[in-house]
Amino acid sequence: MNKFIGIFAIGLLAFQSIQSQEIAIDSVNVFEVKKVELNWVPTYKEALKISKKEKKPVLIYFTGSDWCGPCKVLDEELFYTDKFKSISDTDLVLLEVDIPRRKDLIDPEKMSENLYLKDKYKVKSFPTLMVVNHRGKKIAEKKGYVMTEYYYPFFKEVIRKY
C-alpha cells in the first residue's frame with residue numbers, strides 16, 4: 001500500500017511539473033514586447049555627414065552588447081522606447097559603437113572602426129553616451145548607467161545648446 005501511495009505521489013508531482021512548465025512557456029509568449037526600430041547610422045563618417053547636413057548632434061552609444069549588463073538594461077529601458085525614438089528621429093543622429101567580446105558578432109571592418117572610436121574618445125567604461133558635433137568634437141558625455149528618466153534632461157540640454 002505504501003509503495004502505491006509513493007508511486008502515485010511521484011506521478012502526481014511529475015504531472016504538475018510538466019503542466020506548470022507549459023503554462024510558464026505560454027505566458028511568456030503572451031507578453032512579448034515589440035522592439036522599437038531606431039535609425040542607427042552604420043559608420044562614423046556617415047554620421048558626421050548627416051549631422052552637418054541636418055544640423056543635428058551625433059549621439060554615440062558605446063556598448064558591449066554581449067557582456068555589459070547595464071548596456072542591456074539601457075537598450076531595453078531607454079533606447080528601444082517610443083519616447084526615445086521620438087526625440088532621436090527629430091533631433092539626433094544615432095551611432096552605435098559596439099565592442100563585443102565575441103568578435104564574430106560584428107563585421108571586422110566595423111569592429112576596427114569601433115575600436116578606433118573607443119580610443120579616439122578615450123572611452124574606458126560602458127555604457128558611455130557621447131554627443132559630438134559634425135566635426136567629431138565632443139560636446140557632452142554621460143558615463144555608466146543611471147535611471148532612464150535622468151537621460152532625457154541630458155538629451156534636451158544638449159539639443160537646446162546645439
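Rundown of residues vs (1) of a type outside the set (A, V, I, L, M, F, W, C); (2) under 22 Å from Cys68 (Cα atoms); (3) at pLDDT below 95, yes/no style:
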| site | (1), (2), (3) |
| --- | --- |
| Val93 | no, no, no |
| Asp104 | yes, yes, yes |
| Glu109 | yes, yes, no |
| Asp119 | yes, yes, no |
| Pro127 | yes, yes, no |
| Met130 | no, yes, no |
| Tyr145 | yes, yes, yes |
| Tyr152 | yes, yes, no |
| Lys156 | yes, no, no |
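I'm trying to understand the selection: among the residues of the stretch 68-91, which are of a type in the set (A, V, I, L, M, F, W, C) and either at positive phi or open to solvent by 40 Å² or more (accessible area, probe 1.4 Å) (or both)?
Of the residues in the stretch 68-91, the ones of a type in the set (A, V, I, L, M, F, W, C) are 68, 71, 73-74, 78-79, 84, 87.
Result: Val73, single match.
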Exercise. Would you confirm whether any residue within the stretch 111-126 is open to solvent by less than 60 Å² (accessible area, probe 1.4 Å), aliphatic (A, V, I, L, M) and either part of a helix (DSSP H, G or I) or farther than 23 Å from Pro153 by Cα (or both)?
Key: yes
Practice problem: Inspect the stretch 142-154 for any residue being under 20 Å from Tyr44 (Cβ atoms) and touching a residue at least 60 places away in the same chain (Cβ under 8 Å) and give the result as yes or no. | Solution: no
Quiz item: Could you list, in sequence order, the residues of the stretch 55-67 that are charged (D, E, K, R) and open to solvent by less than 90 Å² (accessible area, probe 1.4 Å)?
Solution: Lys56, Asp66
Exercise. Would you check which residues across the stretch 90-109 are within 21 Å of Lys138 (Cα to Cα) and assigned to a helix (DSSP H, G or I) and list them?
Key: Thr90, Asp91
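The values are calculated or read from the model by the stated rules, or taken from the named source; none is laboratory data. It should be emphasised that the depicted structure is a prediction, and the values quoted were computed from it without experimental measurement. Positions of Cβ are generated from backbone atoms using ideal geometry, with glycine treated the same way; all protein chains shown enter the neighbour counts. For accessibility, only protein heavy atoms count, side chains too; no ligands or nucleic acids. Shrake-Rupley method; radii C 1.70, N 1.55, O 1.52, S 1.80 Å.
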